[in-house]
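I have placed the structure first, in the form of structure tokens, so that the comments after it can refer back to it.
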Amino acid sequence: MFAIMAVIAGVVVGIFDAFVFRRQKKFIKLFSVMLADAFCSNLTAIIISDIYFRCVGEGSFFTDYANSEKFPYIYAAIVLGSGLLWSYLFAVIDGKLFYTKDEQKPVKKSYYVLKIVSVLLFVLGVAAFTGTIWGKGTFGDVSTDQMIVNLFTPKEGTSDDVMITLWTGPVFQTIVATVAFIFFVFSPRVLNYRKGEKECCIFSVRARRIVSIVLASAILVGGASYGIVKFELVKLYKMYIVEGKFIEENFADPREVKMQFPKEKRNLIHIYLESMENSYLSTDMGGYLDENLMQPLTDLAKEGISFSHLDKGFGGPVPTTGCTWSVASMVNMNTGLPMKVPVDGNSYGTPGNFLPGAVTIGDILEAQDYEQTLMFGATAKFGGLNYFYESHGNFNIFDYDAAKEKGLIPEDYFEWWGYEDDKLFEYAKHEIIRLYKTGKPFNFVMETADTHFPDGYVSKNTPTPRDNQYANVIAYSASEVEKFVRWIQEQPFYENTTIVMIGDHNSMDKKFFENFDEEYIRTTFNLILNPAPGLLDIPAERTQNRWFYNGDMFPTILASIGVKIEGERLGLGTNLFSDVPTLFEERGGEVGWKEVCSQFEAGSLFYIENILTGDNAPFENTNITYY
């Protein structure tokens, strides 16, 4: 197919050049022109393609792309573009085409306005194209809700690697294209064609103005349409216009649900594993690879409880609307709710205004006199998480900024998202010991970061036996998490401590998954170690074939530290240790998952009035008893 498309495109270029520019009638000359154009245009297209793929780090045209299914058609388009350029250059060299300066009367001011409008439309259109390509290529299948929510949250702490690709990608590409377009729009030159002794104008200044506005409009419409389709922006209509009752009808208000705490409260250590998903496992374990990259964690799983959507092997919570990025994941697991688009001036990035009507695990444990810490290697200001944890549980924030304030790292130190996980685990040990020494039950929450896209962070201690950088980072992170957990198990407080480990969301590292079967359901790794007495003995049907989402971890985590929940539900989450079906399971498992996702996409007046707004009222122990 590739060879056929290459020949066809080359012949089309040759025919156009021979009949339009050269006006050849003799067969031999006609054939020689077609042959020369086909050769030059194909050679140019191959060089351009190979340089591009090598520059963006996606392999070589000759080894990776020439035989792919889609590329022959893309390549044919490149040949046509290259051929038109060669035809034009040959015509200029032969004197068939030449430029002269326009000698018309001074241009009206309205024409300058039209040119400026053309440039603005062009900029918006190109930005839409390049931004969409960059967004999809960098973040993968980023959801509409994630994109919109990110506009309302602080961007501090974003990895330099991501920002560099933004500036070298869509920003640079848009600037270059715009500069070229400006030269075209404002040029006073007219294009003439010479045939023998006759000369005629074939592209006047007026034609340039018409082409400029038409081309700019077409690029704007094309870019906007491309972005709308790729980011599924039609869902915005559903988010803002369509009113859904699902959340209101299924919400179990934590302020009203009766709960029982054990008199001897258990400590909780909750570890969010950045982008850790079950696809990193071998196929026999429910993964997608030949090698199990997370062997240390799957070995640990033999000592605890892991919930799976599969009948055997490792599975986990399925991706759901409002749940597919780090901040949303934390909101889901702490509130049992999806993270929805803010409206009417609400924001996630201001003090006291991060879901002020919600009740979280932190709120509930604060009311039980828990000492609580949140630890990141990045700044907690990213996404407004400092506001979330401070206003919901009064957490001690131990992040990148705090590490500098404590003198643990220099003021100008910055690796990856702040400081690397090698340091994170060491600081975490000291902080957990401090919490233990307070004499209070404690809740320690942390998130790793080295497995974040793009390609993960290779610290000086990371072994690199594999050709793929991301695979090396994943394997090293799994081993370091296991070492950290083993350290916890050696401490005097472990007997009364539950450890929850869960991937925050599926990885957004586009390249690592480009050859995955789209039918394969990617889920995040989850493991609960040393839960409250009796929970390790639950029947297998409560851990396998479970269709659930991050929000179900809200009551499940509380149950893991011994909390008994009336009705087994909090928020929209279901206690997975119980025999009560989740919202997905009530509606048919996989079918229910897709139905609930659709419901989560709809707007919710209840969510706006009761969760997005409020006064951060402290959680009262009115419905709490003890056993």
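Values quoted throughout were computed directly from the atomic coordinates according to the rules given, and no laboratory measurement underlies them. Because the structure is a prediction, the values reported are computed rather than measured. Note that we place each Cβ from the backbone using ideal geometry, even for glycine, and neighbour counts take in every protein chain shown.
In the stretch 456-485, which trypsin sites (Lys or Arg not before Pro) fall in coil by DSSP and have 10 or fewer other Cβ atoms within 10 Å? Intermediate results must be reported in sequence, preceding the final value.
On the way: sites: K460, R466, K483; in loops: K460, R466.
Passing both the DSSP loop test and the Cβ count: K460.
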**Q.** Unit charges on C-beta of K, R, D, E only; dipole of the chain, Debye
**A.** 4060 debye
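Cα convex hull of the stretch 400-467: how many Å³ per residue?
Looking at the stretch 400-467, the number lands at 115 Å³ per residue.
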Q: Tell me the label-point distance for the pair N616, F186, using the 7 Å Cα-to-Cβ offset, in nm and rounded to one decimal.
A: 5.0 nm
**Q.** the chain - Rg (one decimal) and Dmax (whole number), Cα, Å
**A.** 29.9, 105
Q) So for the stretch 239-626, taking the charge dipole from beta-carbon charges (+1 Lys/Arg, -1 Asp/Glu), which of V327, Q368, Y387 sits furthest toward the positive end? A) Q368
Q: Kindly put H309, H452 in sequence by how many other C-beta atoms sit within 10 Å of each C-beta, fewest to most.
A: H309, H452
Q. From the cross-link list K258/K594; K265/K440; K406/K429, which pairs have alpha carbons spaced over 20 Å apart?
A. K258/K594
**Q.** Nitroxide proxy distance, nm - points 7 Å out along Cα→Cβ at S598 and S217
**A.** 3.8 nm
Q: For F203 and A36, calculate 0.36 nm times their separation in residues minus their Cα-Cα distance, and state this gained length in nm to one decimal.
A: 57.5 nm
(Q) Suppose the chain between A224 and K258 were pulled fully straight at 0.36 nm per residue; how much longer would it get relative to their current alpha carbon spacing? (A) 7.2 nm
Q. V11 to K101: FRET efficiency via 1/(1 + (r/R0)^6), r the Cβ-Cβ distance, R0 45 Å, to the nearest 0.05?
A. 0.75
Q: Return the FRET efficiency for the residue pair N250, N468: r is the Cβ-Cβ distance, R0 is 45 Å, and the value is rounded to the nearest 0.05.
A: 0.60
Q: Count charges around V485 for me, please; just the other residues with Cβ under 12 Å from its Cβ, Lys/Arg as +1, Asp/Glu as -1.
A: -2
Q | Protection proxy ranking, peptides 605-612, 277-284, average beta carbon neighbours within 10 Å, highest first | A | 277-284, 605-612
Q.
Which one, Y427, N472, Q544, projects farthest toward the positive side of the charge dipole computed for the chain from Cβ point charges (K/R +1, D/E -1)?
A. N472
Q: Hey, could you get me the Stokes-Einstein D for the stretch 201-326, Kirkwood radius over alpha-carbon pairs, 10 °C and 1.306 mPa s, rounded to whole µm² s⁻¹?
A: 75 µm²/s
(Q) Using +1 at the C-beta of Lys and Arg and -1 at the C-beta of Asp and Glu, which of W86, L297, T283 has the Cα lying farthest in the positive direction of the dipole of the chain? (A) W86
Q: May I ask you to list the residues of the stretch 297-328 whose amide nitrogen lies under 17 Å from a point 7 Å from Cα along the Cα→beta-carbon direction of Q489?
A: 297-306
Q: Once you have the Cα-Cα distance between F606 and R194, take 0.36 nm times their residue separation minus that, and quote the gain in nm to one decimal.
A: 141.1 nm
Q: Find the relative contact order for the chain and round it to a whole percent, using C-alpha pairs within less than 8 Å whose residues are 6+ positions apart.
A: 20 percent
Q. Based solely on its DSSP helices, what 222 nm [θ] is calculated for the chain when runs of n ≥ 4 H residues each add -39,500 (n - 2.57) and the sum is averaged over all residues, nearest 500 deg cm²/dmol?
A. -13500 deg cm²/dmol
Q: Please work out the Cα center distance from the stretch 424-485 to the stretch 247-323, rounded to the nearest Å.
A: 18 Å
Q: Rank the residues T523, T613, T556 as a footprinting-exposure proxy: fewest other Cβ atoms within 10 Å of their Cβ go first.
A: T613, T523, T556
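If R0 is 25 Å, what FRET efficiency do you get for L289 and Y73 from their C-beta distance, rounded to 0.05?
Details: r = 31 Å, r/R0 = 1.23.
Calculated value: 0.20.
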Q: Under a cut-off of 13 Å between alpha-carbon atoms, report the aspartates and glutamates in cross-link reach of K381, not counting same-chain residues fewer than 8 places apart.
A: E156, E390, D399, D401
Q. So for the pair K406, I538, with labels modelled 7 Å out along Cα→Cβ, what separation do we get in nm?
A. 3.4 nm
(Q) Sorting check: for 485-495, 528-538, which peptide has the highest mean count of neighbouring beta carbons within 10 Å, and how do the rest follow? (A) 528-538, 485-495
Q: Rounded to the nearest 10 degrees, what's the angle between the helix 2-16 long axis and the longest principal axis of the chain, both from Cα atoms, 0 to 90?
A: 40 degrees
Q. Taking the Cα atoms only, what angle lies between the long axis of helix 172-186 and the longest principal axis of the chain, rounded to 10 degrees?
A. 30 degrees
Q) When M34, M333, M5 are ordered from fewest to most other Cβ atoms inside 10 Å of their Cβ, what list results? A) M5, M34, M333
Q. Mind checking the angle between helix 27-55 and the chain's longest principal axis? C-alpha axes, 0 to 90 degrees, to the nearest 10.
A. 30 degrees
